[in-house]
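> For reference, the structure I am asking about is given below.
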C-alpha cells in the first residue's frame, strides 16, 4: 500500500517541472539508431501535466551541411513524438570532434594508400567522386567513367607530398614514370578524390 508521502511525491513529479530520468536511456538508444548522429551529448526532460518536453544536444559529423544537420534534427523530433509520445523536443546541434585518424600525419598515410589503390585500378567506384575530373599531360580530359574504363596498371608512386589546403581539403603530389601527378582530396564524411592532373616532368639540363 502506498503511503501518503509516496502519493505526494508522484503527484508533485507529474504536475511540476519534474521528469522521470529513466526514460532518457530509451530516448538515447532510439536516437542513436538514426544515421550520422555521433553522440547524444546531453538530455533534459520535464513534464507539464501529461506532456513531455525534451531539450537535447546532439553531436554530428562536422562535414554535414546546415541543411543536412537540421534534416536529421527533424527526424529525431518526429521519431520521439511517434515512438514515445514526446510533446515537444528542442534539438541543439554541435559538431563532433575531428577523429584521431583525421590528424594530418594520419591523413597522409590514408590518402597515400588511396592514391595507390586508384593507381592500381582498385575501388574506383568508392574512391572517386561522381564529378571526378582527370587531365592527362596531353590535355585530354576524362570523367569518372572514362577513367575507370581506360585505367591501366602503372609503376609505384614515389616522392609523394601532401599539402593541407584546409581541414577538409588536401593536395597530394607524386611522381610516377616521369610524370608528376597532382590530386585534390576532399572529405565529406569520407575522403574522395575530386581532381587529378598529370604533368610531364621537365628534364634537368
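> Being modelled with pLDDT of 85 or more, over 18 Å from the mean Cα position of the chain (by Cα) and exposed (fewer than 14 other Cβ atoms within 10 Å of the Cβ): is that true of residue 197 here?
Working: modelled with pLDDT of 85 or more: yes; over 18 Å from the mean Cα position of the chain (by Cα): yes; exposed (fewer than 14 other Cβ atoms within 10 Å of the Cβ): no.
No.
> Still on this model: Go through the residues of the range 71-81 one by one and say whether even a single one is surrounded by fewer than 16 Cβ atoms within 10 Å (Cβ to Cβ), modelled with pLDDT of 90 or more, in contact with a strand residue (DSSP E or B) (Cβ under 8 Å, 6 or more places away or on another chain) and in a helix (DSSP H, G or I).
Yes, the range 71-81 contains at least one residue that is surrounded by fewer than 16 Cβ atoms within 10 Å (Cβ to Cβ), modelled with pLDDT of 90 or more, in contact with a strand residue (DSSP E or B) (Cβ under 8 Å, 6 or more places away or on another chain) and in a helix (DSSP H, G or I).
> Please go through the range 169-180 and pick out each residue that is without any contact (Cβ under 8 Å) to a residue 24 or more places away in the chain and in a strand (DSSP E or B).
169, 171, 173, 180
> Say we look at the range 117-146 and pick out the residues that are without any contact (Cβ under 8 Å) to a residue 24 or more places away in the chain and part of a helix (DSSP H, G or I); which of these is surrounded by the most Cβ atoms within 10 Å (Cβ to Cβ)?
So, considering only residues that are without any contact (Cβ under 8 Å) to a residue 24 or more places away in the chain and part of a helix (DSSP H, G or I), the one surrounded by the most Cβ atoms within 10 Å (Cβ to Cβ) is 144.
> Right, here's the next one. Residues in the range 158-174 that are surrounded by fewer than 16 Cβ atoms within 10 Å (Cβ to Cβ) and over 22 Å from residue 68 (Cβ atoms): how many?
Residues in the range 158-174 being surrounded by fewer than 16 Cβ atoms within 10 Å (Cβ to Cβ) and over 22 Å from residue 68 (Cβ atoms): 8 in total.
> Return the only residue of 196, 188 being assigned by the TED database to the domain that holds residue 131, touching a residue at least 40 places away in the same chain (Cβ under 8 Å) and more than 22 Å from residue 61 (Cβ to Cβ).
196
> Tally the residues that are surrounded by 17 or more Cβ atoms within 10 Å (Cβ to Cβ) and in a helix (DSSP H, G or I), restricting the search to the range 18-65.
Qualifying residue count for the region: 3.
The values are calculated or read from the model by the stated rules, or taken from the named source; none is laboratory data. Quantities reported herein were computed from a predicted structural model and do not represent experimental measurements. Glycine also receives a Cβ, built like all others from the backbone with ideal geometry; neighbour counts cover every protein chain displayed.
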